[in-house]
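Here is the structure we will look at, set down as structure tokens.
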Amino acid sequence: MAKVFVALCLCLCLSVVSCQFEAPCQTVNNGVGGCRSLLQCPEYLRLAQDSRSNANAIQILRRAHCGFEGNYPKVCCPLQGIPTAAPETPAPVVTTTTTTPAPIQPSGPTGADFVDALPEPPICGVSNASFSRVVGGVKAKLGDFPWMALLGYKSRRGPGARWLCGGSLVTNKHVLTAAHCINGHEDDLFVVRLGELDLESDTEGATPVDVPIKEKIKHEEYSPSAFTNDIGILVLERTVQFTSLIRPLCIPKD
């Protein structure tokens, strides 16, 4: 877990080096703060490190969230204690070549690669919803479930898509779905739509994004007759830019 967090921090560092300005904002304690990268705010960085053992940490991080820089979260950091020095640039690593043959690497992504790609809070699991359960047919609003995805299948009647299945965005390039949505549709399942709210309306404020599917993976022990291991992964053609209406769902790594 520590290695995963360090890797996340390094990615954040690369993202914020070019950032020179920050917008003023109101902190969770109604004070004055600056909207900056989580990595540049020691108070919230420590809170993120303790998020698995501190039940209140995720709620506090969500309240402090003030945007994204690329795919990485920004928080409203209190002005007191904000570091003034830019992060030190690590010294270049000097490499040497040897005559030892390199080990043969897998030709494609492995399960470990997928787990490493899963984001941590507060990048994932951020929602605008004010409720934890839907009771009595409450209609969803924009941003309530920003990880929801529609699966589009080729139509014989024209170039448009038939939206027949669903899934959840779990990284910036992977959608978790059911194996039965893939089984028998390997040729006609071709696109994922993100950020949609109502297929029947164009005036609800949604700005959906359609992303082509690069690869469809069913669980190797999926049984159509018994409906066991009914799970699959869709790999997208390109990475998705996270917004307030398109964000990934949190998936446990353990």
Any hit, the range 152-163, residues being in a loop (DSSP other than H, G, I, E, B), touching a residue at least 12 places away in the same chain (Cβ under 8 Å) and of a type outside the set (A, V, I, L, M) = no
Which residues, counting only those in the range 153-196, are surrounded by 15 or more Cβ atoms within 10 Å (Cβ to Cβ), in contact with a Lys or Arg (Cβ under 6 Å, 6 or more places away or on another chain) and either under 23 Å from ARG62 (Cα atoms) or among the small types (Gly, Ala, Ser) (or both)?
-> ALA179
Is one or more of the residues making up the range 50-60 surrounded by 13 or more Cβ atoms within 10 Å (Cβ to Cβ), of a type in the set (Val, Ile, Thr), at pLDDT 75 or above and more than 26 Å from VAL240 (Cβ to Cβ)?
-> yes
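The values are calculated or read from the model by the stated rules, or taken from the named source; none is laboratory data. Please read these numbers as outputs of a predicted model, since none were measured by experiment. All Cβ positions, even for glycine, are placed from backbone atoms using ideal geometry, and neighbour counts span all protein chains on display.
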